[in-house]
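Data block below; observations after.
The values are calculated or read from the model by the stated rules, or taken from the named source; none is laboratory data. Quick caveat: nothing in here was measured; it's all calculated off a predicted structure. Using ideal geometry, Cβ is built from the backbone for each residue, glycine included, and neighbour counts are taken over all protein chains shown.
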Amino acid sequence: MTVWTYTILSVCIISLISLIGVFSLALARDKLQKILLFLVSFAAGGLFGDAFIHLLPESFKKLGWESPSWRCW
């Protein structure tokens, strides 16, 4: 039962965080221009981080460091 609780809780938290983007569109145009660079930088950093995390298992496999202790996916 705790797995379902954590799953639902994490989905709710992620959904609430994504609402920040919707509320930012309701800001005045001058305020939106001030935070736009920050939002784009945050999005690009998230995409780069996700790409590198997905490349880690392949790089470990090519180095011969494949062991069940670090592999969790």
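Some notes on this structure:
- Scanning the range 34-73 for residues that are at pLDDT 80 or above and basic (Lys, Arg), we see that the one that is farthest from Ser18 (Cα to Cα) is Lys62.
- The requirement of being assigned to a helix (DSSP H, G or I), surrounded by 10 or more Cβ atoms within 10 Å (Cβ to Cβ), in contact with a helix residue (DSSP H, G or I) (Cβ under 7 Å, 6 or more places away or on another chain) and polar (S, T, N, Q) is fulfilled nowhere in the range 38-46; no residue meets it.
- Cβ-Cβ under 8 Å pairs, at least 6 apart or on other chains, the range 3-21 side without any contact (Cβ under 8 Å) to a residue 24 or more places away in the chain, far side surrounded by 10 or more Cβ atoms within 10 Å (Cβ to Cβ) and hydrophobic (A, V, I, L, M, F, W, C): Gly21/Leu39
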